[in-house]
Each structure stands twice: as C-alpha cells, then as structure tokens.
Amino acid sequence: MAKHDRQEGDPVIVKKYANRRLYNTSSSSYITLDDLAGMVRDNVEFQVLDAKSGEDITHSILTQIIMDEEANGEQMLPVSFLRQLISMYGNSMQSLMPSYLEASMANFRENQVKIREALEKGISNSPIAKIHETNMAMMRAASEALLPGSSQKRDQAKDSSKAEIHALREQMAAMQKKLDELGK
C-alpha cells in the first residue's frame, strides 16, 4: 500500500520482516519498537502484519513492547497482578477477561481525565472521592466475581479505603485552603 493509497482513519500498516525489521508503509521507512510505542502514545492506529504470510501480529508486537518497557525499569504491572493474570489462562472466566480489562482501562482513563480537571480547576475533593469509590466498587465486584469468597478481604479493604478517602479529603481540603490563601 503506497502512502497515497491510505485513507483517513485507516490504520497505518507496518510490515515485520523475517530479519525482525519493521517497515512503516505510510512513511516508507524502517522503524523500531520504540517508534511503535510512541505511535501508541500519540493515539496513532496501526496494524502489524507479517511480511511473508500477511498474518496480523499486532497483539504479539504490543505484548513485546510491554515486555520491553517492564524489563527496562518502567515496571507498572505488579507481580501479584501478573500472577493473577496468568492464572486466568485456561480458567472458565478467561473469555470474560478481555472485555473486563478493556472496560476497566476505559474507566480508568475517563477517571484520570476527571481527576486532572478537578485539580486544574481547584474543585473541592468530592469528585475525586467519588471516582475513587467508583473504582473501588468496580474492583470489589470483579474480585468477588473472579475470586469467590473474597468478601472478608473486601471488608478489610473497605475499612482501609474509607481511611484512605478520609485522608484524601483532608489533603484536598488543605490544598484548597492554600489555594484560597494564594488567591487573596
């Protein structure tokens, strides 16, 4: 596909050759996994195809990028999460995990934007507390569905969450007070 054949909104096609090189057909240039990671961060849609077979290998390339990021000290995934994720393979709930994880990430991103907006506008702490409560409720529901019998742990986590929310509210109130004083 030549550069001029690509329609607006179509994903960029990247071909992976046997020599492990990646070729961006849109820019007619060789790229690296770091370049692909940058494209993800810039919300550029792309599809990686095996140059010989034409097979879509986007999933394995994205997984490889995550592995590289984790190996290079940018660890974001806790060991306990990785263990739980691995234990889901072959589990009867495996088919539900992709949609659950997508919904969780979408919820997280939406809440991330709300938190940023709240902090930028100097709004009181209630939106942040509500977002935190929503996230905790979603995680409790998921853990109960995926790991039955976790209600005792949930009750302990609930008490801990209440304390965290109270501490966050106090911190936000102190920040708001300082902002109000600076505005005078």
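The values are calculated or read from the model by the stated rules, or taken from the named source; none is laboratory data. Everything numeric in this text was worked out from a predicted model, so none of it was measured. Here the Cβ positions follow ideal geometry from the backbone for every residue, glycine too, while neighbour counts run over all protein chains shown. Only protein heavy atoms, including side chains, enter the accessible area calculation; ligands, DNA and RNA are left aside. Shrake-Rupley method; radii C 1.70, N 1.55, O 1.52, S 1.80 Å.
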Inset, instruction - Could you check ALA18 against (1) in contact with a Phe, Trp or Tyr (Cβ under 8 Å, 6 or more places away or on another chain); (2) touching a residue at least 12 places away in the same chain (Cβ under 8 Å) and say which number it fails? - result: (1)
Inset, instruction - Considering (1) of a type outside the set (Ser, Thr, Tyr); (2) loosely packed, with under 13 Cβ neighbours inside 10 Å; (3) under 28 Å from MET139 (Cβ atoms), say which one ARG20 fails and leave the rest. - result: (3)
Legend entry - Residues of the stretch 129-145 classified as within 21 Å of GLU117 (Cβ to Cβ), at pLDDT 70 or above and in contact with a Lys or Arg (Cβ under 7 Å, 6 or more places away or on another chain), total: 1
Inset, instruction - Would you please list the contacts, defined by Cβ atoms under 9 Å and residues six or more apart or on different chains, that run from a residue in the stretch 75-101 that is within 16 Å of ALA141 (Cα to Cα) and free of Cβ contacts under 8 Å to residues at least 12 places away in the same chain to a residue that is β-branched (Val, Ile, Thr) and open to solvent by less than 70 Å² (accessible area, probe 1.4 Å)? - result: none
Legend entry - Among (1) under 27 Å from LEU82 (Cβ atoms); (2) surrounded by 15 or more Cβ atoms within 10 Å (Cβ to Cβ), the one test that GLU70 misses: (2)
